[in-house]
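**Q** Before I ask anything, here is the structure I am working with.
The values are calculated or read from the model by the stated rules, or taken from the named source; none is laboratory data. Because the structure is a prediction, the values reported are computed rather than measured. With ideal geometry, Cβ positions are generated from the backbone for all residues, glycine too; neighbour counts draw on all protein chains shown.
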Amino acid sequence: VSLLRQLASKKHFAFFKGKLNIGVDIIQHGVEGLVYLLTESSKLMISEVDFQDSIHVLGFSDELNKSLLQLYLDNRKEIRSILGELAPKLPSYHSLEWRLDVQLASRSLRQQIKPAVTMKLHLKQDEDQTAQVLQTDPATLLHLIQQLEQALGEMKMNHCRRIVRNMK
Amino acid sequence: VLDDPDLKDIDPTVLKHCHAAAAMCILEAGKHKADVSAISTCLEDCKLDKERIEQFCTEYQVFKPELVTVVSFSIGRSPLHITDVSWRLEYQIKNNQLHKTYQPSYLVTLNVENSGSGSHPDVSFSCTMEQLQDLVGKLKDAAKSLERATQM
């Protein structure tokens, strides 16, 4: 988004004004129109044919249409990845560190043997990374593994495969 | 204790002291996992009569396992304890910024308990299939070394 804004900055307009000998307003509108065309096309991921049909109504020359199409195809991926960053998101998994502990005693109980797994879960949200220290006992650990393996297995099930295939 | 009809004739302050003393005694016994002989020796030193000591010890024997569990798990500080996990698999089709995204993702919630100060908000995060595989791999490593440790 910042890149697009940069493109639209007046500084550039002034530069082009000198080169092309047309008003700053016209250049600004031109750039804005171009930006809108590219972002909307990338957002909707329209096919080449659809793109060509859409710009045909504008009545530009064939050569201009061809360069516009090329511009669209060249930048589509990058624009889509930038737009992807703007979507609402939850903190996402980054990594996990773990360690085995055995508690031998505490203030309230002496002579224990209590195994525990201590973990540091690293999560990332936008640019910030957070780390959360968590603990669990061996039985819960095995339960967690079983549940999450089930979750992974779901993607391979027929139901999910069918939906993914049909939604492309 | 204060509402018990059998005890209403006793001064509440004394009752509170007795209750506190009894609780302290029981917790200390639990802390050291004391057996009956140790407790009765201790109570004898406090000049309690035989009958009362026997009654106390019998009750103690009955509740000892429960007491040890309480003392071991409920009291004391520890990092947030994971009790359960929920997951959700979703397939994103579009959002208001981008159409035709077609991206599967997992939403994992770790149910967490904080021993003592009540509940704590659960830890939720999203991840791709590869990231979930990484997470499960690491958890399995932890489980494997746990198994090895128990075999030593």
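**Q** Restricting to segment A:47-72, count the residues that are in contact (Cβ under 8 Å) with a residue 12 or more places away in the chain and loosely packed, with under 12 Cβ neighbours inside 10 Å.
**A** Pass one, segment A:47-72, residues in contact (Cβ under 8 Å) with a residue 12 or more places away in the chain: A:48, A:51-52, A:54-55, A:65, A:68-69, A:71-72.
Applying the additional criterion that residues be loosely packed, with under 12 Cβ neighbours inside 10 Å yields A:48.
Result for segment A:47-72: 1.
**Q** Can we say B:Gly116 is modelled with pLDDT of 85 or more and either part of a loop (DSSP other than H, G, I, E, B) or more than 8 Å from chain A (Cβ to nearest Cβ) (or both)?
**A** No.
**Q** Counting just the residues of segment A:72-87 that are modelled with pLDDT under 85 and at the interface with chain B (Cβ under 7 Å from one of its Cβ atoms), which one comes out nearest to A:Glu127 (Cα to Cα)?
**A** A:Leu86
**Q** Name the residues in segment B:80-98 that are under 19 Å from A:Arg161 (Cβ atoms), assigned to a strand (DSSP E or B) and at the interface with chain A (Cβ under 7 Å from one of its Cβ atoms), would you?
**A** Passing the criteria: B:Trp87, B:Leu89, B:Tyr91.
**Q** Residue by residue through segment B:50-79, note down the ones that are in a helix (DSSP H, G or I) and among the hydrophobic types (A, V, I, L, M, F, W, C).
**A** The answer is B:Ile53, B:Phe56, B:Cys57, B:Val62, B:Phe63, B:Leu67, B:Val68, B:Val70, B:Val71, B:Phe73.
**Q** Taking segment A:93-127, which residues are surrounded by fewer than 16 Cβ atoms within 10 Å (Cβ to Cβ) and within 15 Å of the chain's Cα centre (by Cα)?
**A** Scanning segment A:93-127 gives A:Lys124, A:Gln125, A:Asp126, A:Glu127.
**Q** Would you confirm whether or not segment B:127-142 contains a residue that is hydroxyl-bearing (Ser, Thr, Tyr) and without any contact (Cβ under 8 Å) to a residue 24 or more places away in the chain?
**A** Scanning segment B:127-142, I find no residue that is hydroxyl-bearing (Ser, Thr, Tyr) and without any contact (Cβ under 8 Å) to a residue 24 or more places away in the chain, so the answer is no.
**Q** Same structure, new question: Report, ordered by the first and then the second residue, all pairs with beta carbons closer than 8 Å, sequence separation of six or more or different chains, a first member in segment B:26-55 that is on the phi > 0 side of the Ramachandran plot, and a second member that is surrounded by 15 or more Cβ atoms within 10 Å (Cβ to Cβ) and part of a loop (DSSP other than H, G, I, E, B).
**A** B:Lys33/A:Leu109
**Q** Please tell me if B:Lys33 is outside any helix (DSSP H, G or I), under 30 Å from A:Glu85 (Cα atoms) and facing another protein chain (nearest Cβ under 10 Å).
**A** Taking the combined requirement at face value, the residue does not satisfy it.
**Q** Right, another one. So for segment B:18-38 (the condition being exposed (fewer than 13 other Cβ atoms within 10 Å of the Cβ), closer than 25 Å to B:Phe73 by Cβ and in contact with a helix residue (DSSP H, G or I) (Cβ under 7 Å, 6 or more places away or on another chain)), does at least one residue qualify?
**A** no
**Q** Which residues, taken from segment B:119-145, are surrounded by 15 or more Cβ atoms within 10 Å (Cβ to Cβ), touching a strand residue (DSSP E or B) at 6+ places or on another chain (Cβ under 7 Å) and more than 7 Å from chain A (Cβ to nearest Cβ)?
**A** The one that is surrounded by 15 or more Cβ atoms within 10 Å (Cβ to Cβ), touching a strand residue (DSSP E or B) at 6+ places or on another chain (Cβ under 7 Å) and more than 7 Å from chain A (Cβ to nearest Cβ): B:Asp122.
**Q** Given (1) in contact with a His (Cβ under 6 Å, 6 or more places away or on another chain); (2) more than 8 Å from every other protein chain (Cβ to nearest Cβ); (3) not β-branched (Val, Ile, Thr), where does A:Leu104 come up short, assuming only one miss?
**A** The one condition A:Leu104 does not meet is (1).
**Q** I would also like to ask the following. Listed residues B:Thr109, B:Thr101; which is more than 8 Å from chain A (Cβ to nearest Cβ) and either closer than 30 Å to A:Arg80 by Cα or polar (S, T, N, Q) (or both)?
**A** Step by step, each of B:Thr109, B:Thr101 is checked, and only B:Thr109 is more than 8 Å from chain A (Cβ to nearest Cβ) and either closer than 30 Å to A:Arg80 by Cα or polar (S, T, N, Q) (or both).
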